[in-house]
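First the structure, in the form of structure tokens, and then the observations on it.
No lab work stands behind these numbers, since they all come straight from the coordinates. Just so you know, these numbers come straight off a predicted model, no measurement behind them. Counting neighbours? That spans all protein chains shown, and the Cβs are built from the backbone with ideal geometry, glycine included.
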Amino acid sequence: MKASDVLEEVFAQALSSKIFVNREVLRPDYIPDQLPHREEQIAKLGSILAPALRGYRPSNVFIYGLTGTGKTAVTKFVLKKLKSKALELGTSIDVCYVNTRQDDTTYRVIFRLAECVGLKLPFTGISTAEAYRRFMKALDSRATLMIVVLDEIDFLVKKHGDELLYRLTRANEELSLSKISVIGITNDLKFVDNLDPRVRSSLGEVELVFPPYNASQLEDILNDRARLAFRPGVVRDGVISLCAALAAREHGDARRALDLLRVAGEIAEREGADYVGVEHVYKARTEIEHDRVVEVVSSLPLHGKLVLLAIYNIVRSRGKATTGEVYAHYKSLCTKLNIESVTQRRVSDIISELDMMGIVNARVVSRGRYGKTRIITLAVSEESLLTALKEDPYVEVLLDRSR
């Protein structure tokens, strides 16, 4: 069969899917009309932001919880309803959502904020301070209340410090006609502890914690989405509960559960099946795990990959590693590549980042009078890890030498 004929067949299959009605409702960024098991958080955030409807500045809010606990969905849901109510009442409210993992520099964040008030900043050519000044001037000219959402704020602060966060939380001292409130969202439960005390006191006027979902709650969420996503009767018994159970093991991650169900449906579709069964869920788990590891590891800087390779080499021979062992082995890898190594403290930070991303498990244990150390193990399959590491030519050389 010709390549063009194969593609025609693939396209025809996608256009007349026996599996999906609307797969987009299984995407993590889809905001449904109902958010099961987050009624308490919706009510609390709504009550915090409600004064905006009367023109008063709401308190700054800091929201934290593990990945997939509904933080972003609830925030967008509440702000959408707030904006709709404000239009109905004739109250001026501007909402600006910025994901700082994507817009990962201070200038890019200011660029997005400026766009939200109708100001077009140049991509380059002016300083961050000048960009901020122009944004503030444009905001004040609108005589409005602006609610700024900084999602995954830990990524920006770790890279560039908390100066912008400090400025935004104190911005009302510079504004005459407008007001600004900040909502910070993070997956890092310890992030707030590392902020400058002045920023912490300003941002953390109100804190909201989102607990993980349990398997039963995830099942309710999946059932709601499945009714919208799939054709009637195609999802076999046990599929929803299996997706929920697998995701519940990983800190009650609703994104993980939705991804499992969606990818299981896509695999069934590619295979030409007319149903989604538990076998498709297990295939989806393998596919997602592999893709996630490759994506995350491929995006690491060279020294992050070398630390990960050091962990892999030690764990492969001994089953686990300590921070000291990893640092010693990492230094030897740098010597082989003839590059300068980073400090032991930086390696320790890299291990913490890998732990937070779910690539390794780093557990602190006490060694009595010898202090504390971390026991490090891999949290992903060796096959996926090696696939990702081999994409870097420098690391691939080291892998070849170690075999």
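Listed values, structure above:
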item: Sorted largest first, extent of the stretch 300-401 alpha carbons per principal axis (Å); result: 42, 29, 23
item: Distant-in-sequence amide H partners of residue 181 (H built 1.01 Å from N, under 5 Å); result: 146, 147, 148
item: Cβ crowding within 10 Å averaged over residues, with 99-107, 144-152 ranked highest first; result: 144-152, 99-107
item: Stokes-Einstein D (µm²/s) once Rh is taken as the Kirkwood radius of the chain over alpha-carbon pairs, at 20 °C in 1.002 mPa s; result: 89 µm²/s
item: Pairs from 44/179; 158/305; 80/137; 80/159 whose Cα-Cα separation, in the structure shown, is over 28 Å; result: 80/159
item: Computed log₁₀ I(q)/I(0) - Debye formula, equal Cα scatterers, no solvent, the stretch 39-210, q 0.12 Å⁻¹; result: -0.50
item: The chain: Cys lacking any partner C-beta under 4.7 angstrom; result: 243, 334
item: Relative contact order (%) - criterion: Cα under 8 Å, at least six apart; region: the stretch 116-251; result: 21 percent
item: Per-peptide average of other Cβ atoms within 10 Å, ordering 133-139, 187-193 highest first; result: 133-139, 187-193
item: Formal net charge of residues neighbouring residue 66 (Cβ-Cβ distance under 10 Å; K, R +1; D, E -1); result: -2
